[in-house]
Structures are given as C-alpha cells and as structure tokens.
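Throughout, read-outs are computed from the coordinates displayed, never taken from laboratory work. These figures come from a predicted structure and were not determined experimentally. Cβ atoms come from the backbone with ideal geometry, glycine included; neighbour counts cover every protein chain shown.
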Number of protein chains: 2
Amino acid sequence: MINRAENTYYDVVGIGNAIVDVLAKVGEGFLTERNLPKGSMTLMDAQTAGKIYADIVPEREVPGGSAANTVAGLASLGSAPAFIGKIHDDELGQEFTRDIGAAGVDFFTKPLAQGPVTGRSIVLVTPDAERSMFTYLGAATHLSEKDIDEEIIRAAKIVYIEGYLWDVDDCHSAILKACELAHKHNRDVAFTLSDTSCMQRNREKLLEFVEQHVDILFANEDEIKALFAEDDFYKSLDLIKPMVDIAAITRGQKGSVVVNGRTKTFVEAEIVENVVDTTGAGDLYAAGFLYGITQGRSLGTCAMIGSIAAAEIITHYGARPEVSLRGFVRNKLLSYGKRA
Amino acid sequence: MINRAENTYYDVVGIGNAIVDVLAKVGEGFLTERNLPKGSMTLMDAQTAGKIYADIVPEREVPGGSAANTVAGLASLGSAPAFIGKIHDDELGQEFTRDIGAAGVDFFTKPLAQGPVTGRSIVLVTPDAERSMFTYLGAATHLSEKDIDEEIIRAAKIVYIEGYLWDVDDCHSAILKACELAHKHNRDVAFTLSDTSCMQRNREKLLEFVEQHVDILFANEDEIKALFAEDDFYKSLDLIKPMVDIAAITRGQKGSVVVNGRTKTFVEAEIVENVVDTTGAGDLYAAGFLYGITQGRSLGTCAMIGSIAAAEIITHYGARPEVSLRGFVRNKLLSYGKRA
C-alpha cells in the first residue's frame, strides 16, 4: 500500500472522461414523457443528445467528468493531483482545460485536432435532487495508450481510474497500460465502478479487471451488488474482500463501509439539510478518501473525510467544490474531536 | 485522547484485584452436581472456596487477576506497564509479586501485613474450554485510596481499571481517585466491564461511572447488552456511542467491534484451532488493543492486535502469555500485510 510510494510529486493522477456538464432543472415528467432513465448515466450519440438539449433551459455549464471531479476535489483538499483525459481542441475543450487548471490540477493530455468534439453530459436534476445524466462522450473516447505518460504515472502515489472508461472499448488498452505502469513502479491503482448501467454492460470483464489490477475500489451499494449479481449487500462485501486491498462502498444517507482484509468499518453519513444536487457525491467521496489515504489517516477517518467532501458538493449544483475543502474538512473533523 | 499524554514513562497502569489462579480441569458434571454457575465469575468466602478446593486436583497455580493479566500482556508486547493491587504479605502474595515483576510490570503497592490472605480464584475448565471462576478476593478487597499513587497515575498514558473492583464497595473510592487523578493530568481512563454477573449487581452505578469517567470501554457482547439491559446488540452499540470515546466490544468467534464517534469497525476473530482454555481472552484483547492505542495505530489495527494476543492465550492454560507477544503479533500482522 501507500507507504511504498517514494519519489512521487503527485498524490493522485486521475484518468477519465473529460466532460463538460450542462445542468438543467426539470420536473419528474420531463424524464417519464421522454422515457428517459432516472438516476443513472445513459450514453448517447451527438444527435440524440442534441434533441434533449433543444428541450431544456441550461442552468449552468460546469466542468465535469467523474475522475476529473475527483482530482479537482483533491486539489481543493490540498493534494497535488494530475489528470489524463481526452478533449477536442474546441471551445468546450478549452473551457475544460482552463477550469481544471484553475482548480489546481496538472493536465497535459494532448487534445484532438480533428474528429469528435469535446464530450458533454446533460445533467437533469429533478426536484428530489436526484441527477440523471445523458452523455455524449465525443473526444473522450479517443483516449489511447499514447496518452498514458509513464513519467506521470510513476510520479503519482495513486492512479485513480473511472469505470465509465470501460464503456469505451478503445480505452481498455489505455487503462491496462496505466495499471501495468503503476504496478511496475509500486504505485496503487484505485478504480471506481461509476454506474450500475455501466456495470451491467461490462460485468464479467470488470470482475476480472478488478481482481487482477485494482488495489482500492470505490463503489456505491447498488454497484457492488451489481458487480457480483448479488442481492445481499453484506454478501457482496464478503465477495469483494479477497479481491482488493481496500473497498470503500458508499450508501447515501446510510453512510459508507470500508472493507480492508479482516476489518469492516461502518461510518455514518454527514447530515445535510438542503440537498440540491447529488451530482458528484461519489466523486468527492473518492477525493476525500484518497486524500486521507495519501495522508496516512486511518480508514475510518478516510471515509469521514470522503463523506464531508461529498456533503459539500450536494449542497449546490455541479460537481466541483464551491469552498476550499481543506478548511471545510478541517473544521468538520475538529468538531468531531479528530485532528485536522 | 492519547496524543495529549506527555512526560509519561508508563504506557498503562492497571488497577485490579491481585489474584492467584488455581486451575483445574473438571467434567461438566462437577459444576451441575454442585449447582455452580458456568462461564462467569462467582465471588465466595474463604470457607466456600475451601470446599471446592478440597474436591479438585489443581493442575497449576498461575498468577491471575484481570487487569494484572492485561498489564503482563502489555509487557510481553513491549509496552512499559505498572500495576496497582492489594496482596497479603504471604506466600501466595510473594508469588504474585515475583510473577508480575518477572513479566516486566512495575508493582509497588504495599502488601497487607495483617487481615485477609492474598486473593485466589479457582478456575474450573470444562472440556468445552469454557472457564468458570470461583473467587475469594481476600486482601484484594483492601485496596484503598492510599494505594493510588498520584505519581504513578500521572506517569502513565492510560489508567486501566477492571470492573471486578466494583464488586467491592471499599474499592470505589480508590477507583474514583484514580479517575480523578488521571483526568487532572490529562490521561485517559480505560475500564473493562469484566463480567455479566458483576454487571447485574452494579448496573446503575456502573452506567453512571462509565458516562462520567471512562474514555475507553472494554466489554464483551453479553456485558454491553447487560449494561443497558438491552437484548439487541446493535442497539447497545448505539447506546454506548455517546458515553465514551472508544468502546471495544469482543464477540468471541465473531470477532470484535470498535465504536468511536461516527465509526463502527468490525474486525474478524483470529482462527484458533485448538482452544484449550478461554481464561484471559478478554484481558489479553485489552492488552493488545491498548498497546495499539499507545502506539498510535488505527482502531481496526488495535482490534486486530487485541485478537492476536487473545488467540495466543486461549491455546494454553492460564492467562499469562507463554511466548513473547511482541514477535507473535509482529508475525501475524505481517502475514496480513500490515506493518508490525
């Protein structure tokens, strides 16, 4: 685990889809009328995305992408993160690059000069604060082995990969290269299952990948059950145990569980009174958790930091922190009698 | 918590009954014929103890006493412990003193020159490895405020008190003085509930004591349920949560749970193939756990160290380690991929 990491200058390098989120508030009817699935991420082509786009009133355009949100959260916590992901050298791509740089994340991946435009995700937020995502991946699907820079992987304590990349066959070789380089340099591979629909499309392959390559797994309750096609949550915890060093499983208002060898640590959720938009909750939990890991905190404290970071993100639209998470987390930890 | 402790030269000072254990193997019938309760600790006068003693074939005389076992375990783990408890200056008392000193524990309490003899516990081990204890406390009941040396309490990071002392009204003022001195010097008070029968005799007082004075509570599943007169184990975990900083609850083969603020950490038990005598399992769990705490380990690791120390003690008769726990624990932790 992490104490092997020497001569690093990044805490975490995230690899994922470079995406700009287009946020819109809609009523429940908007989804049902169009037969759009709620609460998950649905991939679509440019044309279908365009049709939804035509019917909404965009609230805001904000930088998104699961792993990109996580590394932005890590920067806000005071970590040194980098990001690898593919944009097109277009206006949206430049916006993504400016935003992630301004957040404090190193981002050097060469943009596409031709081919599909920068990816975008229409995020429809219903009155219950649930988000349903409709994503056109665009340039993100062109992430290739060439984009995985050995020097960046070697320089980071942890490589963090989003499971959404598994939806794109072309990205598999890039992911595997990143894992191989990480382990070659004694670094840890963290991976998030990302989405149940993504899970169902890729279950067998994902299981094999997790077992062979992943040291730290993130998932929510539905995803870990889906990974094993298992209805019993506690059984799925026992199934993941021998496969990874650490599994951090989020459960919404029920908190989270960290499975690590012979220990299972159950951590309460933060109480959030006004949940506005749950987009990015899982991404920011991962940010807080990985921050704790790179700081050598106990797994219970890692989970608490994850929950605190997630609690900030769901009080506003968008999946990038709107306060300095460093101070936000420090104050919360101190209020629980923990050192910051 | 523990990081407040400065200028200490002891890790833990234990306060408890100074007892010599007389071990004997008996069949199940021995207990039922005499109507003796199984699995708990029964207090008796010298005469009644003498009657049981007349009927057994003593296997061995070994130093015992719950907190005394714990500090002996701490010494074996590499900690610097001390012990406070009352013996008579008789042969058994001298044996107790030699044994605890040889184990590496500082023990300075002035022995009784007159009055009751040194306490002894007849430990009957049935073929199922369960132990039933019949204790004549003797000199141990004469522990008084005068025996609580402020300098020793100040010098220790943690004061560890066994709940058996609550069976003796005269010891209450000694316990309260130890707690007050500990908190005066910013030290932590650890306490073990010791026994369900002891619990039932003292429930109300104990609850008040735990809430007012205890930072780290040890108990087994039955004891924590008995403390709250609560049948539901998980409810009793929620009830203890606001009362102490840390509650470490053992559950035999089901492992242990550590409750700490917003986290509950479930840790698997060690697998022990030949359980010979469960005497001292709880005492040694406390030793391993407190060792971890004083070494700044995570609560999950503290519980693992506790389980490992307990696993050693139940493979042989008696409640004092028969190997160096330092090496025993280090090797087990390394086999789980943890640093030693």
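Residue-wise HN-Hα couplings along the stretch B:268-273, as the Karplus relation 6.51 cos²θ - 1.76 cosθ + 1.60 with θ = phi - 60° gives them from phi, are 5, 6, 5, 8, 10, 7 Hz; Gly and Pro carry x.
Taking amide H as placed 1.01 Å from N in the peptide plane, the amide H of A:Ser40 sits under 5 Å from that of A:Met133, each at least 5 places away or on another chain. Calculation over all alpha carbon pairs of the stretch A:1-140 in 10 angstrom steps from 0 returns a P(r) of 12, 39, 30, 15, 4, 0 percent. Looking at the calculated P(r) for the protein assembly as shown, what percent of the C-alpha pair distances fall above 50 Å? Of all Cα-Cα pairs in the protein assembly as shown, 26 percent lie more than 50 Å apart.
Across the identical copies, the label point of A:Gln212 (7 Å from Cα in the Cβ direction) is separated from its matches by 6.4 nm, in order from shortest. Taking other Cβ atoms within 10 Å as a rough exposure proxy, A:Phe218, B:Phe108 sort from fewest to most as B:Phe108, A:Phe218.
Cross-link partners of A:Lys38 among aspartates and glutamates, defined as those whose alpha carbon lies under 16 angstrom from its own and excluding same-chain residues fewer than eight positions apart: A:Glu28, A:Asp128, A:Glu130, A:Asp195, A:Asp222, A:Glu223, A:Asp277. The stretch A:20-53 and the stretch A:175-251 have Cα centres lying 27 Å from one another. Once the C-beta distance of B:Asp149 and B:Gln94 is scaled by a Förster radius of 22 Å, the resulting FRET efficiency is 0.60 to the nearest 0.05.
Within the straight-line cut-off of under 14 Å between alpha carbons, the aspartates and glutamates reachable from A:Lys332 are A:Glu268, A:Glu270, A:Glu312, sequence neighbours fewer than 8 places apart in one chain being disregarded.
Remark: mean inter-chain Cβ contacts per residue of B:263-272 equal 5, using a 10 Å Cβ-Cβ cutoff to other protein chain atoms. Among A:Ser335, A:Ser76, B:Ser144, a tally of other beta-carbon atoms within 10 Å of each Cβ gives an order, fewest to most, of A:Ser335, B:Ser144, A:Ser76.
Percent of Cα-Cα pairs per 5 Å bin, from 0 to the last occupied bin, for the stretch A:248-340, please list those. That works out to 3, 16, 27, 27, 18, 7, 2, 0, in percent per bin. For the residue pairs A:Lys338/B:Lys241; A:Lys241/B:Lys254; B:Lys110/B:Lys177, the C-alpha atoms sit no more than 27 angstrom apart in every case.
With label points set 7 Å from Cα along Cα→Cβ, the inter-copy distances at A:Pro127 are 7.1 nm, sorted shortest first.
Since only B:Val276, B:Asn331, B:Phe228 are under comparison, the one whose Cα sits farthest along the positive direction of the charge dipole of the stretch B:194-340, derived from C-beta charges on Lys, Arg, Asp and Glu, is B:Asn331. Considering only B:Ala248, B:Val117, B:Val71, the residue lying farthest towards the positive end of the dipole of the protein assembly as shown is B:Val71, judged by Cα position with unit charges set on Cβ. Among A:Glu33, A:Glu221, A:Glu208, the largest mean-square fluctuation in a Gaussian network model of chain A (Cα springs under 10 Å) belongs to A:Glu33.
Using C-alpha pairs below 8 Å separated by at least 6 residues, the relative contact order for the stretch A:1-124 is 39 percent.
If you wrap the tightest convex hull around every Cα atom of the stretch B:11-86 and split its volume per residue, you get 111 Å³. The distance linking the stretch B:73-89 with the stretch A:134-170 is 57 Å (Cα centroid to Cα centroid, whole angstrom).
Distances between copies at A:Ser173, taken between label points 7 Å from Cα along the C-beta direction, are 8.4 nm in increasing order. Sequentially through the stretch A:217-224, phi angles give Karplus couplings (6.51, -1.76, 1.60; θ = phi - 60°) of 10, 10, 7, 9, 4, 5, 5, 5 Hz, Gly and Pro residues having no value and appearing as x. The three principal axes of the Cα atoms in the stretch A:183-264 give end-to-end lengths of 37, 30, 19 Å, sorted in falling order. Fewest-first ordering of B:Arg120, A:Arg326 by other beta carbons within 10 Å of each residue's beta carbon gives A:Arg326, B:Arg120.
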